[in-house]
1. Mind checking which residues of the range 307-326 are crowded, with 17+ Cβ neighbours inside 10 Å and either of a type in the set (Ser, Thr, Tyr) or farther than 30 Å from Gly275 by Cβ (or both)?
2. Kindly list the number of the only condition in (1) surrounded by 15 or more Cβ atoms within 10 Å (Cβ to Cβ); (2) modelled with pLDDT under 95 that fails for Glu232.
3. Is it fair to say Ser287 is small (Gly, Ala, Ser) and more than 29 Å from Leu209 (Cβ to Cβ)?
4. Residue by residue through the range 66-105, note down the ones that are exposed (fewer than 15 other Cβ atoms within 10 Å of the Cβ) and either touching an Asp or Glu at 6+ places or on another chain (Cβ under 8 Å) or part of a helix (DSSP H, G or I) (or both).
5. If you check Met58, Met54, Met63, Met45, which single one turns out to be assigned by TED's automatic domain parsing to the domain that holds Leu114, in a loop (DSSP other than H, G, I, E, B) and of a type in the set (A, V, I, L, M, F, W, C)?
6. Give all pairs with beta carbons closer than 7 Å in which a residue from the range 30-47 that is under 15 Å from Ala259 (Cα atoms) meets a residue that is part of a helix (DSSP H, G or I) and of a type in the set (D, E, K, R); count only pairs at least 6 apart in sequence or on separate chains.
7. Here are some conditions: (1) in contact with a strand residue (DSSP E or B) (Cβ under 7 Å, 6 or more places away or on another chain); (2) surrounded by 14 or more Cβ atoms within 10 Å (Cβ to Cβ); (3) not basic (Lys, Arg). Ser161 meets all but one. Which one does it not meet?
8. Do you know which of the residues in the range 279-304 that are of a type in the set (A, V, I, L, M) and more than 24 Å from Phe242 (Cα to Cα) is surrounded by the fewest Cβ atoms within 10 Å (Cβ to Cβ)?
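The values are calculated or read from the model by the stated rules, or taken from the named source; none is laboratory data. From a predicted model like this one, the values you see are computed outputs, not experimental measurements. As a convention, Cβ positions derive from the backbone with ideal geometry for all residues, glycine included, and neighbour counts pool all protein chains shown.
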Amino acid sequence: MKKFFASAIAVLFILSTLSPLSANASSMDNYYADDLDGHWAIDTMYQLIDADIMKGYMNAGVMSAKPNQNITRAEVTALIVRSLDLSTTKKGKTFTDVPERKWYYAPIQTASALGIVNGKSETTFEPEKNITREELATIIVRAFEYVESIDFSQGKPADFSDKSSFSQWAIPYINKASAVKLIQGFNGKFSPKATATRAETSTMLLNGLEKESTSLPTDEELMNIVLSNENEMYQHYQKSDFQSAYSVIDQYTLGFYHALMHNSNGQYIDAVKDGLQFEFKQVGTPSTEVLGKNTRLATVELSGLSYEVTMRYKGETYTETDDTTSGAYFLRKINGEWKIYSQVSYNY
């Protein structure tokens, strides 16, 4: 099960018997899947879900990732456009089966205008048709070629035993994808005509995102994001100005971490309404280190920092040491800005 630990939530619940808190965690429902426990792609899919790249399926407030479900051509196109932050003023191709009212109209317009996707015919796209593995490899390679962030001239293509079954148009793309390890086969085969699952697509896409190596951010830029978020939140919390802290959360975070911090901050606000008082004190000197960075994804470790959180309620006082601030922070670049989308300590 995916578990997360946020000090704000943990500390508040210590006094929950004194005053019930009205926590609204509905937005966090989007980041826990009821069908990923034990799945081979759990880490990969949660990383994309947490970063607001992959969307799940909601049913009665419960999200399912459906890792083994086949993925459609429209869904893959939307994933590509979203993950690479693609946009254009060019007009895309007109397909009779892609009406403007459909959710996939905009991403198909964008991707077709940029030459990343083609139709199944001159006039049809077949958006809801399951995508094949060779179509998937082709689209993903075209997308990363368009943004010019992966050097596909490196490496040696895999010698798949079923290469005679590859469509001619797909051969160069399968070769490029296998050469840089975006794709791997099963028992020496690629199975080009087999349909691709959501888990397989997530793996191929994340492989690509982790191999992007152009326009890299400086270490200082990434570390400043983590430290600025921490320090600015602390400034508001020192003044018990929890309402203003939302602006910091919105500025520096997205996805799972945004939902987690919104939830946590909301609990502080509810607690203050119920009569609790809080004091915060930073302990230690923060140290940051960039553990890894790509064009659009990065990991920064924060260490050496903890907090003393003192709570007062009806004459009772309780002090809790919070050391969950330290750990790895995961960042994504979107719309030209780096934002934190997840943080350890939480695990799968």
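1. Tyr307, Thr324, Thr325, Ser326
2. Here Glu232 meets the rest and fails (2).
3. The answer is no for Ser287.
4. Across the range 66-105, there are no qualifying residues.
5. Of the residues listed, the single one that is assigned by TED's automatic domain parsing to the domain that holds Leu114, in a loop (DSSP other than H, G, I, E, B) and of a type in the set (A, V, I, L, M, F, W, C) is Met54.
6. Tyr31/Asp50
7. All conditions pass for Ser161, except number (2).
8. Filtering first and then ranking leaves Leu291.
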